1. Has the stretch 10-28 got at least one residue that is surrounded by fewer than 17 Cβ atoms within 10 Å (Cβ to Cβ), at pLDDT below 95, within 27 Å of residue 145 (Cβ to Cβ) and among the polar types (S, T, N, Q)?
2. Kindly establish whether residue 179 is within 16 Å of residue 88 (Cβ to Cβ), surrounded by 12 or more Cβ atoms within 10 Å (Cβ to Cβ), touching a residue at least 40 places away in the same chain (Cβ under 8 Å) and not acidic (Asp, Glu).
3. What pairs can you find where one residue is in the stretch 60-74 and modelled with pLDDT of 95 or more, the other is among the hydroxyl-bearing types (Ser, Thr, Tyr) and part of a loop (DSSP other than H, G, I, E, B), and their Cβ atoms are less than 9 Å apart, with a gap of 6+ or different chains?
4. Return the residue satisfying two criteria in turn: it lies in the stretch 110-121 and is in contact with a helix residue (DSSP H, G or I) (Cβ under 9 Å, 6 or more places away or on another chain) and modelled with pLDDT under 95, and of such residues it is surrounded by the fewest Cβ atoms within 10 Å (Cβ to Cβ).
5. Identify, by number, the condition in (1) touching a Ser or Thr at 6+ places or on another chain (Cβ under 9 Å); (2) touching a residue at least 40 places away in the same chain (Cβ under 8 Å) that residue 153 doesn't meet.
6. Taking strands (runs of 3 or more DSSP E) that do not extend beyond the stretch 63-180, which have at least 2 residues that are under 16 Å from the mean Cα position of the chain (by Cα)?
7. Looking only at residues in the stretch 32-71 that are of a type in the set (Ser, Thr, Tyr) and more than 16 Å from residue 110 (Cα to Cα), which one is surrounded by the fewest Cβ atoms within 10 Å (Cβ to Cβ)?
8. For residue 107, all conditions in the list (1) of a type outside the set (Phe, Trp, Tyr); (2) over 19 Å from residue 50 (Cβ atoms); (3) surrounded by 12 or more Cβ atoms within 10 Å (Cβ to Cβ) hold save one; what is the number of the exception?
Amino acid sequence: MNALALSPFEILARYERLSLAHALELEDRLDAPGLWRGIGYRVGARSLASGIEEISELLAVPAITPVPGTQPWMLGIANVRGNLVPVIDLARFLFDMRTTPGERSRLLVVRQGGGAVALLVDEVYGQRTVDETQRQTSVAEDDPRLARFVERRVQVDGQELALFSMSRLVRAPDFRQAAA
């Protein structure tokens, strides 16, 4: 089929058919049993991913109001659509390294108990999918600072991701104790 002989309408109709066929293939792959879907992000030098169901929202970093008498990793509170949400520097909590907010920095909003908490990360990579083969070749976390939160480390598209459990994080006694 010669593209020059097609009318603009026919070209658009062809693109639509190709797009719909691709979308159906992608949907079948994403709904396949054995796939884990998460959000990839960077904290310091480490690449992590958390289950897509554990992160309720991704936000650009808003204005943060400091709260006196708290741990150094507790940055303060932010107004997120009328709700005051505590903001935690995840790198400072995990590695005792301060995150310098930049244009790629984001807040991961995680539900906990009766509210939410926002975690400052250096960068968000977007959605990541881990299949059964990648899980079978995964390795245990060897960094003791992460071992209690990371289930396994996997290779995804040439990048090593630590599968980080937000539910373990928000239940950790030292995380829940933000007062200094």
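1. no
2. no
3. From the stretch 60-74, the pairs are 60/105; 61/105.
4. That would be 113.
5. (2)
6. Of the strands (runs of 3 or more DSSP E) lying wholly inside the stretch 63-180, those with at least 2 residues that are under 16 Å from the mean Cα position of the chain (by Cα) span 83-89, 106-112, 115-121, 123-130, 150-156, 159-164.
7. 65
8. Of the numbered conditions (1) of a type outside the set (Phe, Trp, Tyr); (2) over 19 Å from residue 50 (Cβ atoms); (3) surrounded by 12 or more Cβ atoms within 10 Å (Cβ to Cβ), the odd one out for residue 107 is (2).
The values are calculated or read from the model by the stated rules, or taken from the named source; none is laboratory data. None of the values given here were measured: they were computed from a predicted structure. Every residue, glycine as well, gets a Cβ built from its backbone with ideal geometry; the counts of neighbours run over all protein chains shown.
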